[in-house]
Amino acid sequence: MRKLIAVSALLASVAFAQDKKRVAIMNFDYATVTTAVAEIFGSNQDVGKGIADMLVDRLVNDGKYSVIERKALDKLIAEQNFSNSDRADPSSAAKIGKLLGVDAIIIGSITQFGRDDSNKGVGGGAFGGGKFGIGGIGKKEAKAVVQITARMVNVETGEILASVQGKGTSKRSGLNLGGGGAGGGGGGGGGLTMGSSNFGATIIGEATNEAVTQAAMGLDEKADSLPARVVSVTGLVADVDGSHLILNVGTSTGLKVGDTLKVSHLGREIKDPATGKVLRRTETDIGTVTITQADTGSSEGTFSGQGGVAVGDQVKK
């Protein structure tokens, strides 16, 4: 009985894994907050990439989606000469998503990323022309606000399937706020980055974490309603080495590692006697090929079947 329960649980977990929607996450657009970013960190930083990385971690840990590796996404973006200005464009992102063979691609924008600080004090100067008085008796109160919007895009049509927001705030009072820069210009974060080990302990880090967590929860709620992408793949065997096949189709068609395709010998062409148009072609199924590697225009796989597979045989999903 225990064995039966264990097997049932395993099958259930496998089925759940197969039901997961496969997504990719683009770096978020942060064009509207570049000035605030430079003030906080002391220089311009790609906070859009940092937030995308955080969202990847959240969605992977939540287990609602299968998220493509960032290295594969970054490689394809480089190959496609994808610019930063395309980050929030649904049609451009859909093209990348289709090449990756994902069910949907997530794009986003950072609409607020900054500190809303106030200073009450007597005497002393100000830091960076700004908001934190120093050299006197005073009370400093700092508030960080981060707001992001994440959109899930259909890779076939560019249609926005879902849009969610996340907003995080963090507020502290005291003479020493610690980390994150002093806002208002001139006072940077002294080497602080989103990748710093202490970023999460700063008020801007806390606000960012809260915003990303809210957005991830919103996307999780949309997971079950996301339509699965129906992929139809037809190609030819380009090379045969024993059971190892190379095909002339790749990820640009939606093919991905782990897919299984039918392998067939192509036979006679059946033509319309009046027009000469090919109506259909006879096929003889000889086995299957399971994809082990794939790039944009080709793939490799392991053949299983009756044997006799040859260059020019058809593969179909």
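Worth a mention:
- Taking every C-alpha pair closer than 8 Å and separated by at least 6 residues, the mean separation divided by the residue count of the stretch 188-317 gives a relative contact order of 27 percent.
- Whole-number Å³ per residue for the convex hull built on Cα positions in the stretch 194-235: 104
- Most tightly packed first, judged by the mean number of other beta-carbon atoms within 10 Å of their residues, the peptides 195-203, 87-95, 21-29, 284-292 read 21-29, 87-95, 284-292, 195-203.
- Here the stretch 214-264 is assigned +1 on the Cβ of each Lys and Arg and -1 on the Cβ of each Asp and Glu. Its dipole about the Cα centre then comes out at about 140 debye.
- Given K64/K317; K64/K316; K71/K316; K95/K277, the pairs whose alpha carbons are separated by over 31 Å: K95/K277
- In this rough spin-label picture, where each label sits 7 Å from Cα along the Cβ direction, the E283-N198 distance is 6.3 nm.
- Hits among aspartates and glutamates - C-alpha to C-alpha of K75 under 13 Å, sequence gap 8 or more where chains match: D295
- Cross-link reach list, aspartates and glutamates versus K271, counting only Cα pairs under 18 Å and skipping chain neighbours closer than eight places: E283
- Selected from F199, F303, T234, residue furthest toward positive end of dipole (the stretch 190-317; charges at beta carbon): T234
- Shown in residue order for the stretch 165-172 are the 3J(HN,Hα) couplings computed by the Karplus curve 6.51 cos²θ - 1.76 cosθ + 1.60 at θ = phi - 60°: 10, x, 9, x, 9, 8, 9, 9 Hz (x for Gly and Pro).
- When peptides 146-152, 55-61 are sorted by average Cβ neighbour count within 10 Å, with the highest value leading, the order is 146-152, 55-61.
- The stretch 233-308: relative contact order as a whole-number percent, Cα under 8 Å and 6+ apart: 34
- Measuring r between the beta carbons of D272 and E156 and using R0 = 22 Å, the FRET efficiency lands at 0.10.
- In this label model, D295 and E221 are separated by 4.3 nm, measuring between points 7 Å along each Cα→Cβ vector.
- Formal net charge of residues neighbouring Q165 (Cβ-Cβ distance under 13 Å; K, R +1; D, E -1): +1
- Summing +1 for each Lys or Arg and -1 for each Asp or Glu among the other residues whose beta-carbon sits under 9 angstrom from that of P90 gives -1.
We did not get these values from a lab; they are worked out from the coordinates using the rules stated. Worth saying up front: this structure is predicted, and the values here are computed from it rather than measured. As a convention, Cβ positions derive from the backbone with ideal geometry for all residues, glycine included, and neighbour counts pool all protein chains shown.
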